[in-house]
């Protein structure tokens, strides 16, 4: 099938063979990720060292925050699709994010929880603004990337690869710079730098509007009253998140209630309304969705308990300098940047030789690797003695294993959701996938809370953390092995031999005899969300 190139792209000119609007989105998202991951690198330390929350409470707050970040894109995407259009939704989200990151710089005096410091309510507001802003921006900016190209344009994969690199560049440098400055010079400076990063992203997006070729506009004529009603709904979401982040148990009830109802609705629809092949594909998708919760619950220890462990129990001296613990949050992004092209090439190479592992098999590998990461850390810490500092090389090893596991599961899962869901259920299934990510993040907060051991001494506290890591590591390895064993059954439920796409010729599927996703590792949503 011949590739097509949008005429409007030629009229506006191209850069590196792509519409210039791609690079507007590249830099806007790069700066947004800079601010988000820069703030995230500091958050658990800010909670424990400035607000003096216990490790248990800080872990639950962190988990609730990250869970809400994954819930709100469902609403932000819906409002953009029905009313605002992606461009206005991204702009609104960027404004909220900029305000949220700058509000983080108001710290007041250190205090236990909210005692004696009313600025804590500004902190809750800052988190709420970032949560809702992410929901409007992240749900829609990558959609505009796709809208710059027709579906048959062979440049689409390359465009998303470029966009994805921007995500990881921002995450890498944000963690390093904001983390270092925040821990070295003061919280306000680190959070303030994140705020300026988001402001740069907002400025790029506003400046580059003409280069977006009219993409992402409202689906129909948008009345001013309707537009402002949507913005009002966004402010209402901020108020809800402001309350939820203060009463974290509410988040658990929301995830349990709505998540359970969502799963039941999807399964009911599959059984009652879909033909047998599509019904089986939904069953396969739901299996992948539910198993992904295990992965995210362990993977997301990075920003919470593992961050605290690195700060308290790891020898962070490198080349004569002691590296702030928050800077190590950049390691995952750095590994992804280096390894994602290699993984994509490997899947393609194996696919052409009909040797590519199936999607459920890759899921099993991903879950095993995230578990092995914790077991390697436990083994290494035990080998030098609980009373001795853990060698820093073990932190690099756990992030390496978690990154390779991520590349086996996250982009592969996103591709599978798009592949397995019938067109009229695509958004519903993708929403369920992100709801599972939110559940995993909330579970991660509970695991982080279990690692908190107050008043027992540094050595005993370290032992508690390692005991939890030992347990969850083996649970993940066991779950991953189970997924590997039943992966042939799940693969049969996918009915890849009868899967067809009328818009894509067979020679563009990717060369795999079974039609497995070939772009794994290059999708822009690979956990740099």
Hey, among 69, 95, 75, which residue is within 18 Å of residue 226 (Cβ to Cβ), in contact with a helix residue (DSSP H, G or I) (Cβ under 9 Å, 6 or more places away or on another chain) and touching a residue at least 24 places away in the same chain (Cβ under 8 Å)? 75
Under 6 Å between Cβ atoms, which residue pairs at least 6 apart in sequence (or on different chains) link something in segment 327-355 that is over 19 Å from residue 410 (Cβ atoms) with a partner that is crowded, with 19+ Cβ neighbours inside 10 Å? 327/176; 327/179; 327/180; 328/310; 328/395
Among the listed residues 443, 381, 436, which satisfies the condition of being outside the structural domain of residue 69 (by TED's automatic domain parsing), buried (at least 22 other Cβ atoms within 10 Å of the Cβ), over 19 Å from residue 168 (Cα atoms) and within 18 Å of the chain's Cα centre (by Cα)? 436
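Please verify whether residue 88 is out of contact with any helix residue (DSSP H, G or I) (no Cβ under 8 Å at 6 or more places or on another chain) and either within 30 Å of residue 218 (Cβ to Cβ) or part of a helix (DSSP H, G or I) (or both), treating the condition exactly as stated.
On the way: out of contact with any helix residue (DSSP H, G or I) (no Cβ under 8 Å at 6 or more places or on another chain): no; either within 30 Å of residue 218 (Cβ to Cβ) or part of a helix (DSSP H, G or I) (or both): yes.
The answer is no for residue 88.
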With the structure loaded, tell me whether residue 419 is surrounded by fewer than 20 Cβ atoms within 10 Å (Cβ to Cβ), assigned to a helix (DSSP H, G or I) and touching a helix residue (DSSP H, G or I) at 6+ places or on another chain (Cβ under 7 Å) or whether it fails that test. no
Would you list the helices (runs of 4 or more DSSP H) that sit entirely within segment 1-79 and hold 2 or more residues that are crowded, with 20+ Cβ neighbours inside 10 Å and modelled with pLDDT under 90? 20-45, 55-79
Is it true that some residue in segment 362-384 is in a loop (DSSP other than H, G, I, E, B) and closer than 30 Å to residue 285 by Cβ? no
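Does residue 237 fit the bill of being surrounded by 20 or more Cβ atoms within 10 Å (Cβ to Cβ) and under 28 Å from residue 443 (Cβ atoms)? Break it down stepwise before answering.
Numbers: surrounded by 20 or more Cβ atoms within 10 Å (Cβ to Cβ): yes; under 28 Å from residue 443 (Cβ atoms): yes.
Yes; evaluated as a whole, the condition is true for this residue.
Tell me, yes or no, whether segment 259-266 has at least one residue that is surrounded by 14 or more Cβ atoms within 10 Å (Cβ to Cβ) and without any contact (Cβ under 8 Å) to a residue 60 or more places away in the chain. It would help to see each step written out before you state the result.
Initial filter on segment 259-266 (surrounded by 14 or more Cβ atoms within 10 Å (Cβ to Cβ)): 259, 262-263, 266.
Going one step further and asking which of them are without any contact (Cβ under 8 Å) to a residue 60 or more places away in the chain, we end up with none.
For segment 259-266, residues surrounded by 14 or more Cβ atoms within 10 Å (Cβ to Cβ) and without any contact (Cβ under 8 Å) to a residue 60 or more places away in the chain: absent.
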Test set (1) buried (at least 24 other Cβ atoms within 10 Å of the Cβ); (2) over 26 Å from the mean Cα position of the chain (by Cα); (3) modelled with pLDDT of 95 or more - residue 390 fails condition number: (3)
Just one of (1) touching a residue at least 12 places away in the same chain (Cβ under 8 Å); (2) surrounded by fewer than 24 Cβ atoms within 10 Å (Cβ to Cβ); (3) farther than 26 Å from residue 61 by Cβ trips up residue 309, so point out which. (3)
Quick check on segment 178-186. Is at least one of its residues surrounded by fewer than 15 Cβ atoms within 10 Å (Cβ to Cβ), part of a helix (DSSP H, G or I) and at negative phi? yes
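Going by the conditions given, is residue 214 part of a loop (DSSP other than H, G, I, E, B), in contact with a helix residue (DSSP H, G or I) (Cβ under 9 Å, 6 or more places away or on another chain), loosely packed, with under 15 Cβ neighbours inside 10 Å and not assigned by TED's automatic domain parsing to the domain that holds residue 368?
On the way: part of a loop (DSSP other than H, G, I, E, B): yes; in contact with a helix residue (DSSP H, G or I) (Cβ under 9 Å, 6 or more places away or on another chain): yes; loosely packed, with under 15 Cβ neighbours inside 10 Å: yes; not assigned by TED's automatic domain parsing to the domain that holds residue 368: yes.
The answer is yes for residue 214.
This table checks each residue for (1) within 30 Å of residue 460 (Cα to Cα); (2) outside any helix (DSSP H, G or I).
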residue	(1), (2)
220	no, yes
225	no, no
237	no, no
257	no, no
280	no, no
286	no, no
290	no, no
293	yes, no
Would you check which residues across segment 121-153 are closer than 21 Å to residue 182 by Cβ and either touching a helix residue (DSSP H, G or I) at 6+ places or on another chain (Cβ under 7 Å) or modelled with pLDDT under 90 (or both) and list them? 122, 124, 125, 126, 127, 128, 129, 130, 131, 133, 134
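The values are calculated or read from the model by the stated rules, or taken from the named source; none is laboratory data. Every value quoted in this text rests on a predicted model; they were computed, and no experiment measured them. Here Cβ is always computed from backbone atoms with ideal geometry, including for glycine, and neighbour counts include all displayed protein chains.
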